[in-house]
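Here is the structure we will look at.
The values are calculated or read from the model by the stated rules, or taken from the named source; none is laboratory data. Since this is a predicted model, take the numbers as computed values, not measurements. Glycine also receives a Cβ, built like all others from the backbone with ideal geometry; neighbour counts cover every protein chain displayed.
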Amino acid sequence: MIASPCINVCKMDDQTGLCSGCFRTIEEIAAWAGIDDSRRLAILAAVAKRRQEHDPWEGDLRCDCERHG
């Protein structure tokens, strides 16, 4: 079974419609427990794309000038 991408930062963003923590839609979150692994993998692929689009540093500190140039 594929684990949920939830990181316990459960806040829906009004502008994007995505959870600020896991980048899933409310529909994806609600369906997670009842879907098979192939659908979970599809959601995780969408999450990875969304995370890159909305958080290109993937949670790294943005003030670390030496690290990010």
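Just to verify a result, which residue in the range 1-25, among those that are closer than 15 Å to Glu53 by Cβ and touching a strand residue (DSSP E or B) at 6+ places or on another chain (Cβ under 7 Å), is surrounded by the fewest Cβ atoms within 10 Å (Cβ to Cβ)?
Applying the first criterion (closer than 15 Å to Glu53 by Cβ) to the range 1-25 yields 13, 15-20, 22-25.
Next, from what is left, pick out any that are touching a strand residue (DSSP E or B) at 6+ places or on another chain (Cβ under 7 Å): 17-19, 24-25.
Working: Gly17: 11, Leu18: 22, Cys19: 22, Arg24: 23, Thr25: 17.
Checked the range 1-25; the qualifying residue surrounded by the fewest Cβ atoms within 10 Å (Cβ to Cβ) is Gly17.
Inspect the range 4-15 for any residue being free of Cβ contacts under 8 Å to residues at least 60 places away in the same chain, among the small types (Gly, Ala, Ser) and in a loop (DSSP other than H, G, I, E, B) and give the result as yes or no. Break it down into steps so the answer makes sense when it comes.
To start, the set of residues in the range 4-15 that are free of Cβ contacts under 8 Å to residues at least 60 places away in the same chain comprises 4-15.
Now restrict to residues that are among the small types (Gly, Ala, Ser): 4.
Still in the list and also in a loop (DSSP other than H, G, I, E, B): 4.
There is at least one residue in the range 4-15 that is free of Cβ contacts under 8 Å to residues at least 60 places away in the same chain, among the small types (Gly, Ala, Ser) and in a loop (DSSP other than H, G, I, E, B).
With respect to Gly34, is the statement that it is at pLDDT 95 or above and closer than 16 Å to Glu53 by Cα true? No.
Taken over the range 26-52, the criterion of being loosely packed, with under 13 Cβ neighbours inside 10 Å, charged (D, E, K, R) and part of a helix (DSSP H, G or I) is satisfied by Glu27, Asp37, Lys49.
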